[in-house]
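Novice: One structure follows; several queries about it will come next.
The values are calculated or read from the model by the stated rules, or taken from the named source; none is laboratory data. Keep in mind that this is a model prediction, so the values were computed, not measured. Reconstructed Cβ throughout: ideal geometry from the backbone, glycine too, with neighbour counts over all protein chains shown.
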Amino acid sequence: MKAFDQLYQKHYPTVFRVAVKMLGDSDEAADVVQEVFLTLFQTMEKGMVVEYPLSWLYRTTLNKCIDKQKYNGRFQKLETAPEGQVEFQSIEKQETRIRVQRALGKLKPVERALAVMYSESLSYKEMAEATGIRFSSVGKTLSRTLKKLEAELKNKKYELY
Amino acid sequence: MSCIDEDLIQQYIDEEVQAEESERITRHLAVCPGCAKLVAERRQWALSMKRMIREVADEPVVVPPFVAPAKSVPLGSLRKRLVLALSAACLLAFFVLHWNHPSAEKSAIEDELTILQHSDWPVDANQPFSQQGLQINLIDPEGNVTGYVLE
Ligand SMILES: [Zn+2]
C-alpha cells in the first residue's frame, strides 16, 4: 500500500516523539507506535478513508499512551535516558531532560497529553478531540496544566543532583 | 475595557480567540502597559515551556521497517474448517468400525485399522464443509480398502 507507506515514513518520527514524551521510555514508545500504525494499516486495508491522518495518528497515539499508563498505574522508568544517546548530549541538557520528564510524569495522563500536544503546536480543537476536554475549556485547562508543570519543575524535592 | 484575565491571555497568545475578540484585546494592549507586559511575559514563558517539553525527545528518529501483518481471515476460517472436517472423519471412522465389527474382535482389529488421508485434498474455504468432497479410505485387517465420501 503506497499511501500507507508514505504516511508511515512521513509521520513516524513525529508520532514516536509524542509517545516518548508521554511514556518516558523509548522501547515502550516504539511498541505503542507500532500498534498505532498497525491499526492505521488495517483501517486503510479495509478501504476506509482516514481524512486527517496526522490528527488521527496523534489522537490514537495519545489514547493508547493514556490507556497504557492507566494500566501501568504510574509513569515508569522516569530516570532512564534513552540508551546510546547520552554521549551526544551535554550533561546539562541531559539533566533538563530528566527533570522535565519527571515533572511530566507528575501530571495526570490527560494533562500530560495536553502539555505534549501543546509542545507540538497543535490547535485547541485537536487537543479537545484527542483528550475529550470540552473545546471551550481547553485554554483554561492548558494554562492550569502548564503552571502545574512549572511548579513540578521548580520542586526542589525532586532535584537530582 | 477591563483588563484581560489569565485564561484569555493564554488563548490570545495561542491565537485561539475569535477575530473580533482578538482585535479588542490588541486595542486594549495598546493602551494598558500592565496587560501588555503580562502578555509579553506569558508569551515568553509559554515558548520556553514548549521548548523544554520538546527537548525530552528531540534526537533524530530512525524509522524502523513496517512489518505488514499476514492476512489472517482466510487462514483462520480454513483452519476451523479443517478441524471440523477431521473431527467428522474421526467420528465417521468410529461408526464404521462399530458397524463392521460389532463384537469381541473389536479390540484386536482396532490396532490394524488404517485411515488413508489425502494430503492434497483440495479445500475451498469459501464452501461449506459438506461440499468439500472429503474422502476417507479405510483398510481393514484383510487388506480391503473401503472409500467413504463425505456428503
Ligand atoms: Zn489591562
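Novice: Please find, within the stretch A:2-15, the residue that is nearest to the chain's Cα centre (by Cα) out of those that are surrounded by 12 or more Cβ atoms within 10 Å (Cβ to Cβ) and under 10 Å from A:Met44 (Cβ atoms).
Specialist: Filtering the stretch A:2-15 for residues surrounded by 12 or more Cβ atoms within 10 Å (Cβ to Cβ) gives A:4-5, A:7-8, A:10-15.
Now narrow it down to the ones that are under 10 Å from A:Met44 (Cβ atoms): A:4, A:7.
Details: A:Phe4: 22, A:Leu7: 19 Å.
By that ranking, first place goes to A:Leu7.
Novice: Condition test on B:Ser48, is it more than 27 Å from A:Glu92 (Cα to Cα) and among the hydroxyl-bearing types (Ser, Thr, Tyr)? Write out each step before concluding.
Specialist: Numbers: more than 27 Å from A:Glu92 (Cα to Cα): no; among the hydroxyl-bearing types (Ser, Thr, Tyr): yes.
No: the conditions fail for B:Ser48.
Novice: Something else about it: I need the full set of residues from the stretch A:132-155 which are in a helix (DSSP H, G or I) and surrounded by fewer than 15 Cβ atoms within 10 Å (Cβ to Cβ), in order please.
Specialist: Filtering the stretch A:132-155 down to residues in a helix (DSSP H, G or I) leaves A:135-154.
Answer for the stretch A:132-155, where residues must be in a helix (DSSP H, G or I) and surrounded by fewer than 15 Cβ atoms within 10 Å (Cβ to Cβ): A:Phe135, A:Ser136, A:Ser137, A:Lys147, A:Ala151, A:Lys154.
Novice: Still on this model: What about B:Arg51, is it surrounded by fewer than 16 Cβ atoms within 10 Å (Cβ to Cβ), within 23 Å of A:Tyr118 (Cβ to Cβ) and away from the ligand (no atom under 16 Å from the Cβ)? Explain how you work it out, then say what you get.
Specialist: Details: surrounded by fewer than 16 Cβ atoms within 10 Å (Cβ to Cβ): yes; within 23 Å of A:Tyr118 (Cβ to Cβ): yes; away from the ligand (no atom under 16 Å from the Cβ): yes.
Considered against the rule, which asks whether it is surrounded by fewer than 16 Cβ atoms within 10 Å (Cβ to Cβ), within 23 Å of A:Tyr118 (Cβ to Cβ) and away from the ligand (no atom under 16 Å from the Cβ), B:Arg51 comes out as yes.
Novice: Report, by residue number, each residue of the stretch B:12-31 that is within 13 Å of B:Arg43 (Cβ to Cβ) and assigned to a helix (DSSP H, G or I). Spell out how you get there, then give the answer.
Specialist: Filtering the stretch B:12-31 for residues within 13 Å of B:Arg43 (Cβ to Cβ) gives B:12-15, B:25, B:29.
B:Tyr12, B:Ile13, B:Ile25, B:Leu29 - these are the residues of the stretch B:12-31 that are within 13 Å of B:Arg43 (Cβ to Cβ) and assigned to a helix (DSSP H, G or I).
Novice: Hey, could you check the stretch B:19-35 for residues that are within 11 Å of the ligand (Cβ to nearest atom) and surrounded by 14 or more Cβ atoms within 10 Å (Cβ to Cβ) and say which is farthest from A:Ser121 (Cα to Cα)?
Specialist: B:Cys32
Novice: Scan the stretch B:1-18 for residues that are more than 48 Å from the chain's Cα centre (by Cα) and surrounded by 14 or more Cβ atoms within 10 Å (Cβ to Cβ) and jot them down.
Specialist: Across the stretch B:1-18, the qualifying residue is only B:Ile4.
Novice: Then there's this: Regarding the stretch B:64-76, can at least one residue be identified that is within 9 Å of another protein chain (Cβ to nearest Cβ), more than 16 Å from the ligand (Cβ to nearest atom) and either modelled with pLDDT of 90 or more or not in a loop (DSSP other than H, G, I, E, B) (or both)?
Specialist: Checking the stretch B:64-76: at least one residue is within 9 Å of another protein chain (Cβ to nearest Cβ), more than 16 Å from the ligand (Cβ to nearest atom) and either modelled with pLDDT of 90 or more or not in a loop (DSSP other than H, G, I, E, B) (or both).
Novice: Would you pick out the residues in the stretch A:69-108 that are more than 12 Å from chain B (Cβ to nearest Cβ), crowded, with 19+ Cβ neighbours inside 10 Å and modelled with pLDDT of 80 or more?
Specialist: none
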